[in-house]
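To start, the structure itself, in structure tokens.
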């Protein structure tokens, strides 16, 4: 049995070409070349080389800008200051749930650096705080969106990891002023337990 080695994409294929005809191998090679030229090979679709986090972040922001994406300034800041320095040149499709948990743990330990209008404020040692769960969740939301867009754009075939976010509580409690309460219409007949103004 004669065999021909074909290397188009790993793993290698080795089709049998028969025993009796020595020219069968040549005709098979010509057929494969023709199929490759006309893009008829049954190779996996999508990106073949893994995209690093640093490169993916740059391409992500560029494509979002072209698509008219929202909140680009904050996404760029979260990527540049936190996500890219942590994940660096690690392949985007290899980021695991464990890597994301390590990121969350490290961000909880990092001191917060306040930079209003580009100026860094140095705080006293007793006033230094760490990143709050809500801040880390916003960063994880950017990573999650990057994963979703990478799948949509064909950079990956699936999301590499599930992102578990911190619970943030119930939000802020706001109270009505006396003037706001006086402007609320009184409708006790329609709403036995009024909780808000329309």
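Assorted remarks:
- Least to most buried among 181, 151 (fewest other Cβ within 10 Å first): 181, 151
- Förster radius 45 Å - calculated FRET efficiency between residue 71 and residue 182, Cβ distance, rounded to 0.05: 0.75
- Stretch gain in nm, segment residue 159-residue 174, where the contour uses 0.36 nm per residue and the Cα spacing is subtracted: 1.6 nm
- Stretch gain in nm, segment residue 80-residue 137, where the contour uses 0.36 nm per residue and the Cα spacing is subtracted: 18.9 nm
- Our analysis of the stretch 53-152 gives Rg over Rh at 0.99, with the two radii drawn from alpha carbon positions and Rh computed by the Kirkwood formula.
- Panel order for 163, 136, by other beta carbons found within 10 Å of each beta carbon, from fewest to most: 163, 136.
- Sites residue 130 and residue 99, calculated FRET efficiency, Cβ-Cβ separation with R0 22 Å, nearest 0.05: 0.65
- Packing-based exposure ordering (other Cβ within 10 Å, fewest first) of 80, 126: 126, 80
The numbers here are math on the coordinates, done by the rules we state, and not lab data. Just so it is clear, the structure is predicted and the values come from calculations on it, not from any experiment. In this analysis, Cβ positions are derived from the backbone assuming ideal geometry, glycine residues included, and neighbour counts consider all displayed protein chains.
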